[in-house]
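Encoded as structure tokens, the structure appears first; notes follow it.
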Amino acid sequence: NIIRFPAAAALLFLTARIRGRKIMIGRRDLLIVALLSFVGIFVYQILYMVGQTMTEAANIGLIYSVAPLLIVIISVITKIERPGIFTYAGSFLGFCGLSLILFEGGSLTLDTGSLLFFIGLICWAFYAVYSKPVLDRHSPITITAWVLFFGAVFQLPLAVYQMPAQMWAELSGLSMLY
């Protein structure tokens, strides 16, 4: 991520500039975007990465399927957005599908990894909901660039700590591009 995020941010800033979008945003919105990035990128990524190493892939898939429902719940509670009937219907159908999987022989193991991943998913849902007001005021390209920029800044101390242990020779060019 420490390579991906700054590279993506730079490309998005360049894209915004080429398309004539404003790159600088107000101080208040910059602070909001930094906080959103901390929760929705930094904390989410840590909980996601650690959580997935401590549970089964099937658990991650099942837990991730409730993301739209979490976004609807947070949107309704915060009154940031008023979901329509199709949003409620889609969330209900998704919940029914998840229930069918669980009751027809599928299983969800509630272990530490699943809990960490679920908390991370809540962070991401807050990020998604609270980004809307800022995205209403600014270009999505610009906001995404700033989110990735701050995400890289927040991850830098962890990256510096982990870099000596990174086995660079094992990485292919394609995996680094990804």
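The values are calculated or read from the model by the stated rules, or taken from the named source; none is laboratory data. Everything quoted here is computed from the prediction, not taken from an experiment. When we count neighbours, we look across all protein chains shown, and the Cβ atoms used for this are built from the backbone with ideal geometry, even at glycine. Side chains included, ligands, DNA and RNA excluded: accessible areas come from the protein's heavy atoms. Shrake-Rupley method; radii C 1.70, N 1.55, O 1.52, S 1.80 Å.
Overview of values
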{"read-out": "Check on GLY61, open to solvent by 30 Å² or more (accessible area, probe 1.4 Å) and more than 20 Å from LYS132 (Cβ to Cβ)", "value": "yes"}
{"read-out": "Within the stretch 154-175, considering residues that are open to solvent by less than 90 Å² (accessible area, probe 1.4 Å) and more than 19 Å from PHE42 (Cα to Cα), the one modelled with the highest pLDDT", "value": "ALA165"}
{"read-out": "Filter result for ARG82 (more than 20 Å from the chain's Cα centre (by Cα) and either of a type in the set (Asp, Glu) or assigned to a loop (DSSP other than H, G, I, E, B) (or both))", "value": "yes"}
{"read-out": "Candidate set: the stretch 87-133, residues that are at pLDDT below 80 and open to solvent by 80 Å² or more (accessible area, probe 1.4 Å); chosen: the one nearest to ILE46 (Cα to Cα)", "value": "LEU110"}
{"read-out": "Which numbered condition TYR48 misses (of (1) in contact (Cβ under 8 Å) with a residue 60 or more places away in the chain; (2) in a loop (DSSP other than H, G, I, E, B); (3) open to solvent by 30 Å² or more (accessible area, probe 1.4 Å))", "value": "(2)"}
{"read-out": "Test: residue in the stretch 23-32 that is in a helix (DSSP H, G or I), open to solvent by less than 40 Å² (accessible area, probe 1.4 Å) and either closer than 21 Å to ILE119 by Cβ or touching an Asp or Glu at 6+ places or on another chain (Cβ under 9 Å) (or both)", "value": "no"}
{"read-out": "Flag for LEU70 being open to solvent by less than 80 Å² (accessible area, probe 1.4 Å), under 18 Å from SER131 (Cα atoms), without any contact (Cβ under 8 Å) to a residue 60 or more places away in the chain and under 19 Å from the mean Cα position of the chain (by Cα)", "value": "yes"}
{"read-out": "All positions within the stretch 61-83 that are under 13 Å from ILE119 (Cβ atoms) and touching a Gly at 6+ places or on another chain (Cβ under 8 Å)", "value": "VAL66"}
